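The values are calculated or read from the model by the stated rules, or taken from the named source; none is laboratory data. Because the structure is predicted, anything quoted here is derived from the model rather than measured. Counting neighbours? That spans all protein chains shown, and the Cβs are built from the backbone with ideal geometry, glycine included. Remember, those area values only see protein heavy atoms, side chains included, never the ligands or the DNA or RNA. Shrake-Rupley method; radii C 1.70, N 1.55, O 1.52, S 1.80 Å.
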Amino acid sequence: DLMYNEYIVAGPKEDNIPCVDIDLKLSEIFKNNYTFISRGDDSGTHKKELELWQSINKNPTTFGLWYLNIGQGMGHTLLIANEKKAYTLTDRSTWISFNNKDNLKIVCEAFPPLFNQYGLILVNPSINKDLNIKSASKYVEWLLSDEAKNLINSFKKKNKQLFFYNHH
């Protein structure tokens, strides 16, 4: 484990129903066929979204036209969600950095299933003989240093911290 941020559900500014639980928010979106924009790109965010749907026993491959699987990155996904006043899952760092969100707001946040851990693994050199293990080890050592910790914790956009170092 190196650092974390969190996922949030963004949705229309008109959504005034408080989010008391991520499962309830997704159930509300599903039950009402509210437009939901999915990255659909097999990214970490997309996998987290599928995991969240699965946690309420829903399978997006069976959803109707309200569920748009666009196969795009987070920026395009947020643009389309903003245009359509739709819901989407995004990481908080991208949300903070994204500028075109006139029609959107955070509608659900700060629940444990939305925690987004980033980690690092030094590949075993016996698996791949072409690795530069000396440089890779030096890089990992640096990432675990106080210098990297300070850089990660001080990395901000719009005066908001994007990631939180949590290596022990």
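Summary table
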read-out	value
Number of positions in the stretch 47-59 that are open to solvent by 20 Å² or more (accessible area, probe 1.4 Å) and on the phi < 0 side of the Ramachandran plot	9
One residue from ALA81, ALA148 being within 21 Å of the chain's Cα centre (by Cα) and at pLDDT 95 or above	ALA81
Residue ID - farthest from ILE152 (Cα to Cα), chosen from residues in the stretch 105-128 that are open to solvent by 60 Å² or more (accessible area, probe 1.4 Å) and aliphatic (A, V, I, L, M)	ILE127
Matching residues, the stretch 1-40, being out of contact with any helix residue (DSSP H, G or I) (no Cβ under 9 Å at 6 or more places or on another chain) and of a type in the set (Phe, Trp, Tyr)	TYR4
Residue in the stretch 79-97 that is in a loop (DSSP other than H, G, I, E, B), open to solvent by 60 Å² or more (accessible area, probe 1.4 Å) and over 19 Å from ASP15 (Cα atoms) present	no
Test: residue in the stretch 129-140 that is aromatic (Phe, Trp, Tyr), surrounded by fewer than 17 Cβ atoms within 10 Å (Cβ to Cβ) and part of a helix (DSSP H, G or I)	yes
Unmet criterion (only one of (1) open to solvent by less than 80 Å² (accessible area, probe 1.4 Å); (2) more than 19 Å from MET3 (Cβ to Cβ)) for MET74	(2)
Pick from the stretch 27-46, criterion of a type in the set (Asp, Glu) and out of contact with any Gly (no Cβ under 6 Å at 6 or more places or on another chain), ranking: most open to solvent (accessible area, probe 1.4 Å)	ASP42
